[in-house]
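The values are calculated or read from the model by the stated rules, or taken from the named source; none is laboratory data. This structure is a prediction, so every number in the text was calculated from the model and none was measured. Cβ coordinates were reconstructed from backbone atoms using ideal geometry, including for glycine residues, and neighbour counts include every protein chain displayed. Surface accessibility is based on the protein's heavy atoms, side chains included, excluding ligands, DNA and RNA. Shrake-Rupley method; radii C 1.70, N 1.55, O 1.52, S 1.80 Å.
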Amino acid sequence: MKQRTMALLAAAIAALIVGCSDSSDQVAEILPPPPPPNPCDGTETESSRLFLQQVTDSSVIIKWRGDANAACIGNSADGLATRVAAQETEGAHKEVRITGLEAATTYYYSVGGAPTAPAGQQFTTAPERGELAAGGKTRLWIIGDSGTGGDDEREEHEGEAAEVLASMEAFVAADGKAIDLFLMLGDNAYYVGSDFNYQQAVFETYPNLLKSIALWPTIGNHEMGLGFVAPTVGLPGLGISADPDSYQADKEDKPGRMPYLDIFSLPAEGEAGGVASGTEQYYSFDYGNVHVVSLDSQLSARDPEQMATMREWLIDDLSSNDLGWTVVIFHHPPYSKGANHDSDDVEKVNGFDRPQRDMREQFVPIFDAYGVDLVYNGHSHSYERSYYITNHTGTSDTFSTSEHAELLDGDPAQPASGRGEKPYAQLSPTSGDVDDRVIYSVVGNSGKADEDAGSLTAADKWLRHAAHIEQPADTEEPPRRGLPVLGSAVIDATETELTHSFIDVNGQVLDQFTITR
């Protein structure tokens with residue numbers, strides 16, 4: 001009986017299988033579920049300004065002004081599949097902060113949700129902290145007082161900032177190594193640092209660069225609009241207020257917030273490395289093997305309490321830094337004999353140049369004590385470069401090569417130049433192998449170059465500061481200690497060498513030095 005029951009059951013199962021089979025006796029294929037739809041299914045939306053901020057080894061800020069409400073990102077130009085909603089920020093900007101990225105990796109992006117990236121909309125994240133960028137070196141481009149691109153009241157400077165950009169591009173094309181960092185030394189947008197000035201002088205002058213490399217700026221005197229020499233007489237660039245909310249572009253306007261702070265998203269909380277400053281007026285960040293500090297010599301330096309806070313923050317920041325190279329930027333040069341900007345005489349025109357003295361007296365000792373390698377400033381519309389110096393906080397007539405400069409073979413008559421086959425050593429042999437020397441460069445000639453001493457600097461002192469090195473490329477005899485030509489600076493930092501090149505508007509290297517470590 002049991003065997004009969006089992007036989008009937010087997011027959012029933014066989015009949016069921018035959019009934020469910022197709023005519024070819026093949027079992028139906030089980031298909032996987034369809035992929036989810038790509039969230040990046042929109043179109044590219046035009047922006048009136050598009051730029052990158054805070055490119056780190058794991059994150060980026062994409063910022064724009066326009067109607068788009070999202071950005072898409074991916075590892076290939078035609079494969080964008082990560083969509084990030086934008087936040088509205090000051091100055092009618094939109095921005096997205098994207099985190100979790102891989103170090104030293106190229107990403108492509110669109111604005112508006114398109115699945116493909118337009119040409120040029122890509123960036124490469126920073127290398128891991130302490131590592132080198134592509135090509136075995138980290139490359140910085142530094143420009144100062146470049147804001148004549150928006151200076152429509154001085155037609156004689158039209159196109160000069162663009163020419164400086166082109167000369168840099170020709171220089172870097174020689175070895176194919178693109179720049180990794182873009183630094184501005186203040187007076188980024190003449191005359192008054194207004195949003196309109198920035199649109200012309202920055203976003204319409206460097207549009208392609210800004211889409212692929214983060215811009216790191218500092219505050220110049222023209223970022224603060226007008227200064228008042230009388231209640232009804234306001235002049236551009238003469239502001240002496242320490243309050244960023246006292247900005248005025250026109251004497252009829254009510255004081256308001258400085259546009260610089262609405263335009264840029266800067267790492268006040270240490271988001272890009274370094275110690276949090278708590279303010280966008282000054283900050284620091286790490287990029288591979290380089291630590292960069294941007295100080296505020298226009299606002300914070302004019303108020304004793306604010307300046308003391310900035311000094312303490314700087315000490316904390318530099319104390320925690322262990323990267324191979326340290327670069328500091330701010331606008332007012334501690335050492336300069338530029339046209340109308342003499343660092344020895346800072347009381348002219350109601351003391352608006354006083355930060356030149358105060359930054360020298362208050363901050364130079366910190367640079368010496370905490371291993372700063374290079375300091376870059378603008379303000380004077382020319383190129384000047386110091387010896388490798390230490391412990392000098394006085395006026396130019398107190399500078400002594402034997403006391404303050406690195407010397408060749410200990411000879412006071414031969415201060416070292418760092419040129420050619422005789423580079424500087426980061427650990428100064430004449431200081432007991434201590435990293436306590438700094439080179440100061442004035443690069444305030446990236447939008448215009450002064451042709452004479454002006455009305456406030458003595459003609460026989462123009463470009464002849466004692467702390468600065470003679471420039472063989474100068475046309476006068478003996479050569480002056482500066483160059484009245486258009487140009488910019490490029491820094492190349494490897495693991496063991498840092499090379500500074502000053503490039504004129506024709507793409508020629510007119511001054512170069514190297515520091516080894």
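Mind checking which residues of the range 459-484 are in contact (Cβ under 8 Å) with a residue 40 or more places away in the chain, open to solvent by less than 50 Å² (accessible area, probe 1.4 Å), out of contact with any helix residue (DSSP H, G or I) (no Cβ under 6 Å at 6 or more places or on another chain) and in a loop (DSSP other than H, G, I, E, B)?
Within the range 459-484, W462, L463, A467, I469, Q471, P484 qualify.
Of everything in the range 236-274, what is touching a Ser or Thr at 6+ places or on another chain (Cβ under 6 Å) and either among the charged types (D, E, K, R) or open to solvent by 30 Å² or more (accessible area, probe 1.4 Å) (or both)? Give them in sequence order.
Passing the criteria: A249, P255, G274.
Look at E312 and say whether it is outside any loop (DSSP other than H, G, I, E, B), surrounded by fewer than 23 Cβ atoms within 10 Å (Cβ to Cβ) and without any contact (Cβ under 8 Å) to a residue 40 or more places away in the chain.
In short, yes.
Could you list, in sequence order, all residues of the range 24-57 that are in a loop (DSSP other than H, G, I, E, B), open to solvent by 50 Å² or more (accessible area, probe 1.4 Å) and touching a residue at least 60 places away in the same chain (Cβ under 8 Å)?
Within the range 24-57, N38, P39, D41, T43, E44, D57 meet the criteria.
What is the residue count in the range 102-123 for residues that are of a type outside the set (G, A, S), under 16 Å from V60 (Cα atoms) and surrounded by fewer than 19 Cβ atoms within 10 Å (Cβ to Cβ)?
Counting residues in the range 102-123 that are of a type outside the set (G, A, S), under 16 Å from V60 (Cα atoms) and surrounded by fewer than 19 Cβ atoms within 10 Å (Cβ to Cβ) gives 4.
Report yes if R437 is open to solvent by less than 20 Å² (accessible area, probe 1.4 Å), touching a residue at least 40 places away in the same chain (Cβ under 8 Å) and closer than 19 Å to V375 by Cα, otherwise no.
yes
With open to solvent by 10 Å² or more (accessible area, probe 1.4 Å), part of a strand (DSSP E or B) and touching a residue at least 12 places away in the same chain (Cβ under 8 Å) as the only criterion, which of F285, F228 stands out?
Numbers: F285 fails: open to solvent by 10 Å² or more (accessible area, probe 1.4 Å).
Answer to the check: F228.
Is there any pair linking a residue in the range 367-388 that is in contact (Cβ under 8 Å) with a residue 12 or more places away in the chain and under 23 Å from P236 (Cβ atoms) to one that is open to solvent by 10 Å² or more (accessible area, probe 1.4 Å) and among the acidic types (D, E), with Cβ under 8 Å and at least six apart or on different chains, and which?
Qualifying pairs under 8 Å: S380/D450; H381/D450; S382/D450.
Select from the range 337-378 the residues that are in contact with a Gly (Cβ under 6 Å, 6 or more places away or on another chain) and over 18 Å from L299 (Cβ atoms) and write down the one among them that is least open to solvent (accessible area, probe 1.4 Å).
Ranking the qualifying residues of the range 337-378, first place goes to A339.
Would a scan of the range 441-454 turn up a residue that is closer than 17 Å to R139 by Cα, aliphatic (A, V, I, L, M) and either open to solvent by less than 50 Å² (accessible area, probe 1.4 Å) or in contact (Cβ under 8 Å) with a residue 60 or more places away in the chain (or both)?
Checked the range 441-454: at least one residue is closer than 17 Å to R139 by Cα, aliphatic (A, V, I, L, M) and either open to solvent by less than 50 Å² (accessible area, probe 1.4 Å) or in contact (Cβ under 8 Å) with a residue 60 or more places away in the chain (or both).
For the subset of the range 83-101 comprising residues that are farther than 19 Å from T56 by Cβ and touching a residue at least 60 places away in the same chain (Cβ under 8 Å), which member is most open to solvent (accessible area, probe 1.4 Å)?
E90
If I ask for residues that are part of a loop (DSSP other than H, G, I, E, B), within 18 Å of G371 (Cβ to Cβ) and open to solvent by 50 Å² or more (accessible area, probe 1.4 Å), which ones from the range 408-432 would you list?
P423, L427, G432
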